[in-house]
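Coordinate-derived values only; no laboratory data. Just so you know, these numbers come straight off a predicted model, no measurement behind them. Note that we place each Cβ from the backbone using ideal geometry, even for glycine, and neighbour counts take in every protein chain shown.
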Amino acid sequence: MTLRTAALIVAAGSGSRSGRALPKQFEPLAGRPMLAHSYGALSRHPAVDRVLVVIGAGQERALAAILGEVPFVIGGATRRQSVANGLAALADMDRVLIHDAARPFVPPAVVDRLLAALDEAPGAIPVLPVADTLLHAGTAGTVAREPLRRVQTPQAFRLDAIRTAHATWTGPEPTDDAQMLRASGGEVALVEGDTMLDKVTYPADFAAAEARLDIRSRTATGYDVHRFAEDEELWLGGVLIPHSKGLSGHSDADVVLHAITDAVLGTIAAGDIGLHFPPSDPQWRGAESGQFLRHAAGLVAERGGVIDFVDVTIVCEAPKIGPHREAIRARIGELLSLQPDQVSVKATTTERLGFTGRGEGIAALASATVRVPA
């Protein structure tokens, strides 16, 4: 049986310690709002079926401004209450990853380790050894650090187990959800964490987080063409376009998404779309091309990278692209977790020259700019 996994991002805090004008989860970090980093990484992970954001009352417009129309619930007065509200909103799920928005960078390998650990235990958390010498402020004596671990998020749980832990908790406000699972008798497995998951709390943490990335900017291009065919649907940029003909191809022949996919793959020197989704493989016959683009974006995320901008030019005599431009931009932005001003869609003709000018097909040229760790 395939287990369904939800990711719950707790983003209801006021961020008062960050020294920023906005709550820190909405402030820019490495060119994107902090919340957009973790949302994008978790939504692209192949094992995550749903991402739900928990926000504070009155933060609805701020959330929509950075992520668009995404599922959310309103949190409570404490982190525990916010998580409980999120858990109550999850249906038809078996496992949940509970993550703090203040930890923007989520390495896919950590998620893999957490979910694998749930095969043996009802809960799992990422941890790192303590490197610094620890001092007890009351006695001025040092504390043995060898058995100590720094706890991070996301934390993974079997959904029924963590719901029970929340429902039966009677202690003081916990600092994380694993405490409650242990108190209810559940075992919590420890898996290797990652310094990329370090929390952003104070003003200096923003610069430190960006420094951890050691970002390098890269730009690559992609090009694709498909011929018109009778009795086919016309998909452009993930949008079904009314037209007398569609495009012929092994998948849904979405020439726009194919070109962007190649551009994104090119930024990390990961080959082209045919390498990852061979046309000779029957499983991709008629496939929806959005999954190709999400795959490419996932590879960038695995490198710790961030997609900054995509641009595509559609070359055809017909149909007219103008009436569909905003829908195409919105769909590309949704697939890549980008804001509208990070997606450019243009259209041109070849003055009736060449195969596009003769109305034999459509071409697309795309470029993508990403920032990836060195």
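Projecting the Cα positions of A363, L240, S251 onto the charge dipole of the stretch 215-373 (unit charges on Cβ atoms of Lys, Arg, Asp and Glu, taken about the Cα centre) puts A363 furthest along the positive direction.
For the stretch 283-374, the orientation-averaged shadow of the C-alpha convex hull comes to 7.4 nm² (one quarter of the hull surface). Of the peptides 190-198, 41-49, the ranking by mean beta-carbon count within 10 Å, highest at the top, reads 41-49, 190-198. Distance distribution P(r), the stretch 5-213, all Cα-Cα pairs, bin width 10 angstrom from 0: 8, 34, 38, 17, 3, 0 percent.
Put simply, the Cα atoms of the chain extend 84, 43, 39 Å along their principal axes, the longest span coming first. Around the Cα centre of the stretch 215-373, unit charges on the Cβ atoms of Lys, Arg, Asp and Glu (plus for the first two, minus for the last two) sum to a dipole of about 440 debye.
Helix 34-44 against the longest principal axis of the chain: what's the angle in degrees, Cα atoms only, rounded to the nearest 10? With rounding to tens, the tilt is 70 degrees.
Can you tell me the dipole magnitude for the stretch 146-239 around its Cα centre, using point charges on the Cβ only (Lys, Arg +1; Asp, Glu -1), in Debye to the nearest 20? Could you put the intermediate results ahead of the total?
Numbers: 10 positive and 17 negative charges, 94 e Å.
It comes to approximately 440 debye.
Highest mobility in the GNM of the chain, judged by mean-square fluctuation with C-alpha springs under 10 Å and restricted to A101, A167, A124, is found for A167.
Here the dipole of the chain is about 880 debye; that uses its Cα centre as origin and unit charges on the Cβ of Lys and Arg (positive) and Asp and Glu (negative).
To check you understand DSSP bridge types, tell me what percent of the beta bridges within the chain (both residues inside) are antiparallel, rounded to 5. The partial results should precede the final answer.
On the way: 40 of 66 bridges.
So the antiparallel bridges in the chain amount to around 60 percent.
Selection among C316, A183, A117 by position relative to the dipole of the chain gives A183 as farthest towards the positive end (Cβ unit charges, Cα centre).
Helix content alone sets the calculated 222 nm mean residue ellipticity of the chain: runs of n ≥ 4 DSSP H residues at -39500 (n - 2.57) each, divided across all residues, give -8500 deg cm²/dmol.
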